[in-house]
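Data first, discussion second: the structure below is written as structure tokens.
The values are calculated or read from the model by the stated rules, or taken from the named source; none is laboratory data. From a predicted model like this one, the values you see are computed outputs, not experimental measurements. Backbone-built Cβ (ideal geometry, glycine too); neighbour counts: all protein chains shown. We work out accessible area using only protein heavy atoms, side chains counted, and drop any ligands, DNA or RNA first. Shrake-Rupley method; radii C 1.70, N 1.55, O 1.52, S 1.80 Å.
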Amino acid sequence: MKRLPTLVEGLDEILNGGLFEGGVYIFEGPPGAGKTTLANQIAYTLARREARTLYVTMLAESHARMLQHMEQQIFFDQQEVSAKVFYVSGYRELEQGGLKAVVSLLRGELVRHRASLLVIDGLVVGSLESMTNDSVRQFVHELQSLVSAMSCTGLVLTSGHGNVLSAEQTMVDGIFAFEDHSFHWRAERRMQVRKFRGSQVIRGQHTFCISTQGVQFFPRLESLPLPEGNAKLGTDTLSTGFHAIDDALHGSGLTSGSATAIVGFTGTGKTTLALAFAAASEIDAPGLILSCAESSADLRRLGTEMGLPIEAAMASGALSIKNLGQEDESMDEMGHKLLRLVDELKIRRLVVDGLAGLADTLAFPERGYRFLGRLLVELRRRGVTSVFTVDPGALAAAAGTSLADGVTGWFDNVLSFAPEDAGNRNVNQRILTIAKVRARGTAQNSVDIFVLPSRANTPFTE
């Protein structure tokens with residue numbers, strides 16, 4: 001069967017290629033869930049490929065009002081209105097003649113505009129419940145026959161929840177359920193493909209967001225098809241940024257493609273060590289710092305105070321700093337954003353400062369372990385050597401449970417800061433324990449170091 005790609009970021013990936021020509025699909029969910037924005041986005045994206053859309057509204061609200069909202073979206077193009085995207089009201093036909101009159105309207109308008117996509121927006125459950133099941137089933141049957149004969153794809157947007165326009169009562173080809181899920185004073189948008197004929201899809205719930213870019217979907221990372229071939233560690237090494245730590249690792253540093261967790265409570269020096277690793281980035285092997293807590297300015301200031309060449313690396317273009325999870329992003333949104341930045345910037349050294357930022361999401365307690373494992377596999381596939389800082393206390397607070405031990409099991413290397421008792425050590429003294437190193441092993445199990453502000457590019461000393 002011929003596909004009709006939606007060209008919406010992430011959605012065709014979930015659907016394994018897009019919708020099917022001649023199919024009828026229901027978008028169901030409460031008002032404000034994003035159904036209308038998504039349908040218009042598909043319409044205007046298809047218009048750029050010379051495909052026409054017939055958009056039929058069943059509500060009393062004027063088209064002008066809806067278009068005013070769409071003007072804020074980058075995908076909207078006023079020139080395509082009545083050129084390739086045609087808006088028609090079916091409100092009067094539904095009120096006066098019921099669903100039969102609506103079908104007659106659709107038949108005439110589809111012939112007139114030769115549309116590849118038909119959108120029926122606003123079939124309110126309340127109005128449908130007053131009709132018989134037979135009339136609803138007949139409507140969907142005739143709609144399917146109509147779009148099939150016209151080589152068109154139909155989208156039906158409704159506020160229903162599977163009780164009126166359900167798969168059991170109709171012969172629709174797919175049902176997409178949208179919801180706005182509240183979480184800790186925040187809200188997370190989700191979509192689930194409840195039914196899809198003719199193809200496998202990525203099942204379960206997927207998060208999405210709505211911005212001026214339109215609707216963007218973020219398929220569950222651990223559920224994406226895994227490309228053939230194992231992701232292997234590299235054969236070369238990268239310096240940690242400190243000779244004393246490199247010496248403990250047989251004088252070579254971290255194996256390329258490996259993932260390292262730097263574990264320690266607040267103030268132990270995790271971020272300083274991570275910044276030193278990032279500061280060693282080069283133009284032909286660029287680095288990226290993703291901060292889940294501190295701002296870019298704070299990290300740059302800390303690097304300067306500790307004598308690290310962060311500013312020089314950024315000025316040369318070898319290093320970038322971005323924020324992660326600063327705008328109520330879902331876990332999958334952060335994961336896809338991370339991988340997109342890695343691909344776009346051709347990153348080879350990656351620092352994620354604050355794993356708790358990923359954990360402070362609705363999905364992490366249930367899926368965080370599998371999600372992180374897949375994320376690290378994707379980084380290794382790309383040849384990225386990564387460093388994640390992990391504060392066990394912050395991670396437990398963000399996730400609602402103590403997950404640090406299980407989470408660090410995914411990492412190739414685990415370096416742990418364990419300060420001695422305050423009465424037995426200098427205020428700046430730390431012991432860095434090398435708890436785990438995959439592939440190369442260690443020359444010693446710990447390094448006794450001091451964390452000192454310095455102008456000599458060496459904040460850590462033996």
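For the subset of region 67-120 comprising residues that are more than 22 Å from Y25 (Cα to Cα) and among the β-branched types (V, I, T), which member is farthest from the chain's Cα centre (by Cα)?
Within region 67-120, the match that is farthest from the chain's Cα centre (by Cα) is V81.
Pick from V111, V124, V172, V156: which is open to solvent by 20 Å² or more (accessible area, probe 1.4 Å), at pLDDT below 95 and either among the basic types (K, R) or within 27 Å of I210 (Cα to Cα) (or both)?
On the way: V111 fails: either among the basic types (K, R) or within 27 Å of I210 (Cα to Cα) (or both); V172 fails: open to solvent by 20 Å² or more (accessible area, probe 1.4 Å); V156 fails: open to solvent by 20 Å² or more (accessible area, probe 1.4 Å).
Exactly one of V111, V124, V172, V156 is open to solvent by 20 Å² or more (accessible area, probe 1.4 Å), at pLDDT below 95 and either among the basic types (K, R) or within 27 Å of I210 (Cα to Cα) (or both), namely V124.
With the requirement that a residue be assigned to a helix (DSSP H, G or I) and either closer than 26 Å to T268 by Cβ or acidic (D, E) (or both), what does region 372-391 give you? Write out each step before concluding.
Within region 372-391, the first condition is being assigned to a helix (DSSP H, G or I), and the residues that meet it are 372-381.
Of everything in region 372-391, those that are assigned to a helix (DSSP H, G or I) and either closer than 26 Å to T268 by Cβ or acidic (D, E) (or both) turn out to be L372, G373, L375, L376, E378, L379.
Can you tell me how many residues in region 322-348 are surrounded by fewer than 23 Cβ atoms within 10 Å (Cβ to Cβ) and among the β-branched types (V, I, T)?
Residues flagged as surrounded by fewer than 23 Cβ atoms within 10 Å (Cβ to Cβ) and among the β-branched types (V, I, T) within region 322-348 amount to 1.
If you go through region 364-391, how many residues are over 29 Å from G234 (Cα atoms) and surrounded by fewer than 19 Cβ atoms within 10 Å (Cβ to Cβ)?
If we filter region 364-391 for residues that are over 29 Å from G234 (Cα atoms), which is where we start, we get 364-366.
From the residues that got through so far, the ones that are surrounded by fewer than 19 Cβ atoms within 10 Å (Cβ to Cβ) too are 365-366.
The qualifying residues number 2.
From A39, A101, which residue is in contact with a helix residue (DSSP H, G or I) (Cβ under 7 Å, 6 or more places away or on another chain) and in a helix (DSSP H, G or I)?
Details: A39 fails: in contact with a helix residue (DSSP H, G or I) (Cβ under 7 Å, 6 or more places away or on another chain).
None of the others qualify; the one that does is A101.
Looking at G307, G373, which is the one that is in contact with a Lys or Arg (Cβ under 6 Å, 6 or more places away or on another chain) and of a type in the set (G, A, S)? Write out each step before concluding.
Details: G373 fails: in contact with a Lys or Arg (Cβ under 6 Å, 6 or more places away or on another chain).
Of G307, G373, the one residue that is in contact with a Lys or Arg (Cβ under 6 Å, 6 or more places away or on another chain) and of a type in the set (G, A, S) is G307.
Being touching a residue at least 24 places away in the same chain (Cβ under 8 Å), touching a Gly at 6+ places or on another chain (Cβ under 8 Å) and either closer than 16 Å to S386 by Cβ or open to solvent by 20 Å² or more (accessible area, probe 1.4 Å) (or both): is that true of V351 here? So that I can check it myself, show each step before the final result.
Numbers: touching a residue at least 24 places away in the same chain (Cβ under 8 Å): yes; touching a Gly at 6+ places or on another chain (Cβ under 8 Å): yes; either closer than 16 Å to S386 by Cβ or open to solvent by 20 Å² or more (accessible area, probe 1.4 Å) (or both): yes.
Against the criterion (touching a residue at least 24 places away in the same chain (Cβ under 8 Å), touching a Gly at 6+ places or on another chain (Cβ under 8 Å) and either closer than 16 Å to S386 by Cβ or open to solvent by 20 Å² or more (accessible area, probe 1.4 Å) (or both)), V351 qualifies.
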